[in-house]
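The values are calculated or read from the model by the stated rules, or taken from the named source; none is laboratory data. Model, not experiment: these values are computed from the prediction. Cβ placement follows ideal geometry from the backbone for every residue including glycine, while neighbour counts extend to all protein chains displayed.
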Amino acid sequence: MRVLIAEDHLELAETLAIGLRREGMAVDLAGDGQAALAQAHIYEYDVIVLDRDLPKLHGDKVCRTLADEGGRARVLMLTASGGIEDRVAGLSLGADDYLPKPFAFAELVARIRALSRRAQPALPPVLEREGLELDSAQRIVRRDGHRLELSVKEFSVLELLMAARGAVVSPEQMLERAWDDATDPFTNVVKVTVSRLRRKLGDPPLIETVAGVGYRL
Amino acid sequence: MRPTLRFRLTLLYGGCFIVAGAGLLGITYALFANGTVQRPTAFAHGVQLSIPVPAGLKAIIASGPRKLPVHTRLSGNPAPKARLGTRTRPPAGFIQTVRSSGQKQINSLVKRANLVIQEQRSQSLTSLLTESGIALAIMALLSIGLGWLLAGRALAPLRVMNSRARQITEDTLHERLGLDGRQDELGELAATFDAVLARLEQAFHSQRSFVANASHELRTPVTLERALLEVALADPEASVESLRRTCERVLAAGSQQERVIDALLALARGQAGIEAAQPVVLDELVRHLIDDRAPQLEGIRLRTELAPATVSGDPALLERLVSNLLDNAIVHNSPEAPWVTIETAVTGRRVELRVANGGAVVPADRVTEMFEPFRRLEAERTGVDRGLGLGLSIVRAVAVAHGGEAEAIPLDAGGLELVVRLGLAGPGPERQEPSLHSVLDASTDGVLAGPDRSHR
């Protein structure tokens, strides 16, 4: 899952990024409205956490632009104005969810997860395929009832493969969805992670390599 | 019935009309009764008896030889003027010649005739009065009715204004009475009322945005603290070290919060005015605060011209004012060759404090909005050390509370000069030790938590 945090308060943004990365998300930061829009156009995010009071380009305008363009990213608006009118206004601008500050971190995580499930096509909270059971909220994977210990990135890659429902996922897509923009795009970290994942999944092998294209479950 | 303006106006118009009408009638009656009109009398001349009768009345007087039954059937034409001694022929139908025997009969006839004429006259006067009275009554009713209608029409705009104004609440202050096109007094009234509404809307808007901004500023550190603590607690690899670091960061966020609260309270106090005025030696206060900032002033070319100046006011608020000006000048300076000039002077009944600093050129239209609360330059919103944007609004509030004003003048070569004029120049340049002590006391009782790092 890839998340963009658009928040001009740097310390808060970094703290949230640390927490969200621990939850298995790839997190990018943007410090103002223009940077946020630019990032959203470059990468495909699952969820964009948008503060309303952004410099250079107001969060409301960013939200409106994103809503008009369509795109898969769901927008969660954050702001210190928590009154009813503000919430209504924010949601009317095209935000998918609204969380007033101050908020509980656990609630932020839960809402982000809920929003990312709604990216097309809508996904159930627990993915099941080929005897695998993946619970994204609890970060637990089971194969035929046995629990598997996966690293954060392995979990994310498996989640992508399962969400694809048998479609092929290219390494570029994996890089985009499960890693943040601090990653070197020419790395072979995807390959390494997939091979580690294969080892952990065990026999019979579930991940199939489609030559020149990608992987599929 | 409620004494409405419409009712009173109608009464007034109707009453005036009735009075005028009655006056007209009275004058006419009086003139008629008292004789610019010829008073007809009967008189005898020679054998003939002239009996003038009023127009429109027929008079036939007949008399017999013995008795003098006078049948009075009156008919006639306008009375011709008869002159004694002449033999005039009375016009037809005027009188019938009266043959009678003696002067006495003639005299009694004349008397009778005069009586009849009198009676006629009084009858016609009475009928004049009655008929005029009826006419007056009818016209009075008509005029009252008309007056009521016209008063209603004239006052209609007032009713419209009233009903529109009733509907304006604090949520609909953008509405206006909108009585366009009227040039008269009512139009003026509506325009004035609209102007008041505009000012009210502006005030409400300022207050609302202030409250929104203030709550935003207060919530931001709380959000950060919460996020820091929750993320730290959720860390599966939390160590004493990481938790300790988190605690320190939470404390730092807490002191940011304190600064916000402090600044907001200072603004509120500045706006509330001075409670107990004391003499404050301004130049000493400035020197003292400059010394406090010696480390920040390193590398800045500083020039001071501090003429002795004493104001009467609140020491804590004045310290706040000077601190904010100094901090602004230090922070918003040019990075290559920063300079600051500070002057205090007494001009007439006012004390002037000028703080000028170098830096980028400030556009003239930014100058007024600088003093508004929570107004910052765009560039400073990112970054850890964020100003609050309250510094200059506090400066202005304190200046106004001291009977003065604050002004910002952009400098052509770049930079800004801030001029604060305070009224109530104190009694002369004597050094008053107690005032300096009271300033120091005020700064250590916790109300002021260090220099306010607020930006414009």
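General remarks:
- Candidate set from the stretch A:52-82 (those that are assigned to a loop (DSSP other than H, G, I, E, B), within 19 Å of A:R111 (Cα to Cα) and over 18 Å from the mean Cα position of the chain (by Cα)); member that is nearest to the other protein chains (Cβ to nearest Cβ): A:A80
- Flag for B:Q271 being surrounded by fewer than 15 Cβ atoms within 10 Å (Cβ to Cβ), in contact (Cβ under 8 Å) with a residue 40 or more places away in the chain, over 16 Å from A:G19 (Cα atoms) and more than 13 Å from every other protein chain (Cβ to nearest Cβ): yes
Yes/no matrix, rows are residues, columns are (1) in a strand (DSSP E or B); (2) acidic (D, E); (3) in contact with a Cys (Cβ under 7 Å, 6 or more places away or on another chain):
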{"position": "B:A266", "(1), (2), (3)": "no, no, no"}
{"position": "B:I274", "(1), (2), (3)": "no, no, no"}
{"position": "B:V280", "(1), (2), (3)": "yes, no, no"}
{"position": "B:L285", "(1), (2), (3)": "no, no, no"}
{"position": "B:D291", "(1), (2), (3)": "no, yes, no"}
{"position": "B:E298", "(1), (2), (3)": "no, yes, no"}
{"position": "B:R303", "(1), (2), (3)": "yes, no, no"}
{"position": "B:P308", "(1), (2), (3)": "no, no, no"}
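- For A:E154, the conditions (1) surrounded by 15 or more Cβ atoms within 10 Å (Cβ to Cβ); (2) acidic (D, E); (3) free of Cβ contacts under 8 Å to residues at least 24 places away in the same chain are fulfilled apart from (3).
- Condition check for B:R301: surrounded by 15 or more Cβ atoms within 10 Å (Cβ to Cβ) and either charged (D, E, K, R) or within 11 Å of another protein chain (Cβ to nearest Cβ) (or both): no
- All conditions in (1) in a strand (DSSP E or B); (2) touching a residue at least 40 places away in the same chain (Cβ under 8 Å) hold for A:A95, with the sole exception of (1).
- Total residues in the stretch B:204-234, condition over 30 Å from the mean Cα position of the chain (by Cα) and more than 7 Å from chain A (Cβ to nearest Cβ): 9
- Residue in the stretch A:116-123 that is among the hydrophobic types (A, V, I, L, M, F, W, C), touching a residue at least 40 places away in the same chain (Cβ under 8 Å) and more than 24 Å from A:A13 (Cβ to Cβ) present: yes
- A:E107 vs. criteria within 14 Å of chain B (Cβ to nearest Cβ), of a type in the set (D, E) and farther than 26 Å from A:A163 by Cα: no
- If you go through the stretch B:156-171 and keep only what is at pLDDT 80 or above and surrounded by fewer than 13 Cβ atoms within 10 Å (Cβ to Cβ), you end up with B:A156, B:R159, B:N162, B:S163, B:R166, B:Q167, B:T169.
- Scanning the stretch A:182-216 for residues being within 20 Å of the chain's Cα centre (by Cα) and of a type in the set (A, V, I, L, M, F, W, C) gives a total of 5.
- Top-ranked residue of the stretch B:253-264 - restricted to ones that are closer than 16 Å to A:H9 by Cβ and surrounded by 15 or more Cβ atoms within 10 Å (Cβ to Cβ), ranked as farthest from the other protein chains (Cβ to nearest Cβ): B:R259
- When residues of the stretch A:1-29 are limited to those that are in a helix (DSSP H, G or I) and among the basic types (K, R), the one nearest to the other protein chains (Cβ to nearest Cβ): A:R22
- Restricting attention to the stretch B:313-341 and to residues that are polar (S, T, N, Q) and closer than 18 Å to B:I409 by Cβ, the residue that is surrounded by the most Cβ atoms within 10 Å (Cβ to Cβ) turns out to be B:N324.
- One residue stands out among those in the stretch B:3-17 that are among the hydrophobic types (A, V, I, L, M, F, W, C) and surrounded by 17 or more Cβ atoms within 10 Å (Cβ to Cβ): the one that is farthest from the chain's Cα centre (by Cα), which is B:F17.
- Applying the set (1) among the small types (G, A, S); (2) more than 14 Å from every other protein chain (Cβ to nearest Cβ); (3) surrounded by fewer than 17 Cβ atoms within 10 Å (Cβ to Cβ) to A:A40 leaves exactly one unmet item: (3).
- Selection over the stretch B:400-416 of residues that are among the small types (G, A, S) and under 27 Å from the mean Cα position of the chain (by Cα) gives a count of 3.
- Filter result (part of a loop (DSSP other than H, G, I, E, B) and under 27 Å from B:D283 (Cβ atoms)) within the stretch B:346-361: B:G348, B:R349, B:G358, B:G359
- Residue among A:E11, A:E7 that alone is in contact (Cβ under 8 Å) with a residue 60 or more places away in the chain and closer than 16 Å to A:T79 by Cα: A:E7
- With respect to the conditions (1) free of Cβ contacts under 8 Å to residues at least 24 places away in the same chain; (2) within 13 Å of the chain's Cα centre (by Cα), A:A38 falls short on a single one, namely (2).
A quick yes/no check of all residues on (1) of a type in the set (A, V, I, L, M, F, W, C); (2) under 17 Å from B:G389 (Cβ atoms):
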| position | (1), (2) |
| --- | --- |
| B:F210 | yes, yes |
| B:N213 | no, yes |
| B:R219 | no, yes |
| B:P236 | no, no |
| B:V240 | yes, no |
| B:C247 | yes, no |
| B:Q256 | no, yes |
| B:I274 | yes, no |
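- Considering only residues in the stretch A:91-104 that are away from chain B (no Cβ under 14 Å) and either under 15 Å from A:I48 (Cα atoms) or of a type in the set (K, R) (or both), the one that is surrounded by the most Cβ atoms within 10 Å (Cβ to Cβ) turns out to be A:A95.
- B:S242 meets the conditions (1) more than 9 Å from chain A (Cβ to nearest Cβ); (2) over 47 Å from the mean Cα position of the chain (by Cα); (3) outside any helix (DSSP H, G or I) in every case but one. The failed one is (3).
- Comparison of B:V322, B:V311 shows that the only residue that is in contact with a helix residue (DSSP H, G or I) (Cβ under 8 Å, 6 or more places away or on another chain) and under 21 Å from B:G389 (Cβ atoms) is B:V322.
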